[in-house]
Amino acid sequence: MKYFARSAALLFVFVSLVVITPSVGRTASPFQDVTDEIGLAGVGGGYAAWGDYNRDGWVDLSVDGQLWRNENGKRFIRVEGVAFAGSGVWGDVDNDGDLDFFALGGIVHQNVDGASFKEIAEAIPEMPKSPMNATWADVNGDGFIDLYVTGYEGGGYHPDFLFQNQGDATFKVTFRGPATPGRGVTVCDYDEDGDIDIYVSNYRLVPNALLQNDGTGKLTDVAKAAKVDGDGGLGAWGHTIGSSWGDFDNDGHFDLFAGNFSHPPAYQDRPKFYQNLGKEKGWSFNDLSGGAGLHWQESYASPALADFDNDGMLDLFFTTVYAGDRSVMYRNKGNWKFENVTAAVKVDRPTTYQAAWADFDNDGYMDILNGGRLFKNPGGTHRWLKVRLSGGGKVNRTAFGAQVRIRLADKQTVTRQVESATGQGNQNDLTLHFGLGAHDKAVELEIRWPDGSTQTLKGVKTNSTLSVEKE
């Protein structure tokens, strides 16, 4: 395994456990709209996917089939001659070290040495009807990323497809889900058994699906048993648009936020905070939505998670799609309590599904693209660490499914995963971001690779970017 620390030497000396103090009562600062000055005036408000396609260390951006190259965090340049077949997600299909792009138009755009793209028209044999969202995941552990695409509706509901990577940049359909109105899809090894599971957000008061993987790519819907299908007690479930995995309570287990659109009648599911209860409770979930403090808006749509203030607690950004409703930012105060800081941060675009986080200027604080505008984080004094993982052997080169944990002094564990898609149709920066509060000592990382192996790195300095390549 190779590891590199950027901006500072990596010294294996003192390892100090981190103490995280949530930002209770602290005033949030406004983000700055830098869209025009940074060259993104024409970026558009469609699904957004962040990915460093040319491997220069500065995360680039795709929106609505357009590609925008990040010039050292100072400016974005529209890449002429590149037109993807719609929105989609980044992932290294052929394990050559360059990010390729799957577009919902049914095309894999293969990256050629970070300089250009070529279409592999024959890669995808067929597409589900009305494809709404896609995500990468190596479901059978062969080291090549597979593709899950949701089918939505139109003349009835349509099944989702799982496309298994054949190792030669072509795919074969190996799973067709039931006909449901699937919108968002996001993945996580929530039960920590070494394989990737899939959560599908279904619309039209249809229960959501949690597809548990047996390690070979065989998927079984366990949403009802795990208690994440929705309420359903009054004859209906939710209009779920997008969902996101993240460890909200720093217990080392991935929790789930289900982003439910809901009309006024109370029988329709409101947005759901689901706490992962771990192995002792059979990897089931507890609904803690009631006391979380999230106010109701009818047209909630696509959530995206990040620790925007670097206090060590994962925060929630959530879009809306009806006129009169606005996107919201909720700061995690700990103990499953969330504070609405939207007015303070001034990031509240209307009527959009677009929400994707990335540290575009590499200052250690997460910025957000929302509703066709790029908002720069004002930063602060809190420390941070960023981790870039690259797979090898039986681990896919993009390292999708890898999880990284930092142990805390007060029996907490900050946990992040390399994931492909979040919410409905969006993709956050693949570089993992950890806020560490005021902690300025070296930290210890545990990396759980998706092949089941574990690596521990000690003496990792904060306020740095660490690159780890698995051999």
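Rank by packing, highest mean first: peptides 276-283, 377-384, 249-256, 396-403, with packing defined as the count of other Cβ atoms within 10 Å averaged across residues.
Per-residue Cβ counts within 10 Å, averaged per peptide and sorted highest first, yield 396-403, 249-256, 377-384, 276-283.
In what sequence, largest accessible area first, do Lys441, Lys129 appear using a 1.4 Å probe?
Lys129, Lys441
Counting only heavy atoms of protein chains, what accessible area per residue, in Å², does the chain have with a probe of 1.4 Å?
With the other protein chains kept in place, the chain gives 35 Å² per residue.
Taking the Cβ of Arg270 as the center, what net charge do the other residues with Cβ under 12 Å away carry, scoring Lys and Arg +1 and Asp and Glu -1?
That sum, taken over residues with Cβ under 12 Å, equals -3.
How much length, in nm to one decimal, is gained on full extension between Tyr322 and His295, taken as 0.36 nm per residue of separation minus their Cα-Cα distance?
Stretched out fully, the Tyr322 to His295 stretch lengthens by 8.2 nm.
Let me see the pair-distance distribution of the stretch 26-113: every alpha carbon pair, 10 Å bin width, integer percents in order.
Spelled out per bin, shortest first, that is 17, 47, 26, 8, 2.
Grab the alpha carbons of the stretch 298-423, take their convex hull, and tell me the volume per residue in Å³.
131
Rank Glu419, Glu339 by accessible area, highest first, at a 1.4 Å probe radius?
Glu339, Glu419
Against the globular-protein guess of 2.2 N^0.38 Å, express the Cα radius of gyration of the stretch 38-197 as a ratio, rounded to two decimals.
1.06
Convex hull over the Cα atoms of the stretch 127-187, averaged projected area in nm²?
With every direction weighted equally, the projected area is 3.8 nm².
What number, rounded to the nearest 500 deg cm²/dmol, is the helix-based mean residue ellipticity at 222 nm of the chain, given -39500 (n - 2.57) per DSSP H run of at least four residues and division by all its residues?
Dividing the helical sum by the residues of the chain leaves 0 deg cm²/dmol.
I'd like to compare 171-184, 350-363, 309-322, 28-41: which one has the highest average count of other Cβ atoms within 10 Å, and what's the full order after that?
Those peptides, ordered most packed to least, come out 309-322, 350-363, 171-184, 28-41.
Through the Karplus equation 6.51 cos²θ - 1.76 cosθ + 1.60, θ set to phi - 60°, convert the phi angles of the stretch 154-167 into ³J(HN,Hα) values in whole Hz; use x for Gly and Pro.
Calculated HN-Hα couplings, in order: x, x, x, 8, 10, x, 7, 10, 10, 9, 8, 5, 8, x Hz.
Take the residue pairs Lys224/Lys279; Lys227/Lys279; Lys129/Lys227 and return only those whose Cα atoms are more than 20 Å apart.
Lys129/Lys227
Can you grab the distance from the C-alpha centre of the stretch 270-306 to the C-alpha centre of the stretch 95-150, Å, no decimals?
30
If you average 1/r across every pair of different Cα atoms in the chain and take the reciprocal, what Kirkwood value do you get, in Å?
Its Kirkwood hydrodynamic radius stands at 21.8 Å.
Using alpha carbons only, what's the Rg to Rh ratio of the stretch 214-304 with Rh from Kirkwood?
Ratio of gyration radius to Kirkwood radius: 0.98.
Might you work out the accessible area of Trp136 for me, using a 1.4 Å probe with all protein chains in place, and round it to the nearest 10 Å²?
Rounded to the nearest 10, the figure is 0 Å².
How much FRET efficiency would the formula 1/(1 + (r/R0)^6) give for Lys218 and Asn340, where r is the Cβ-Cβ distance and R0 is 35 Å, rounded to 0.05?
Working from the Cβ atoms, E equals 0.25.
Over the Cα atoms of the stretch 150-233, each weighted equally, I'd like the Debye log10 I(q)/I(0) at q = 0.15, 0.19, 0.22 Å⁻¹, rounded to two decimals.
-0.57, -0.88, -1.11
The values are calculated or read from the model by the stated rules, or taken from the named source; none is laboratory data. Everything numeric in this text was worked out from a predicted model, so none of it was measured. Please note: Cβ atoms are built from the backbone with ideal geometry, for glycine as well, and neighbour counts cover all protein chains shown. Quick note on the areas: whole protein, heavy atoms, side chains included, nothing else; ligands and nucleic acids left out. Shrake-Rupley method; radii C 1.70, N 1.55, O 1.52, S 1.80 Å.
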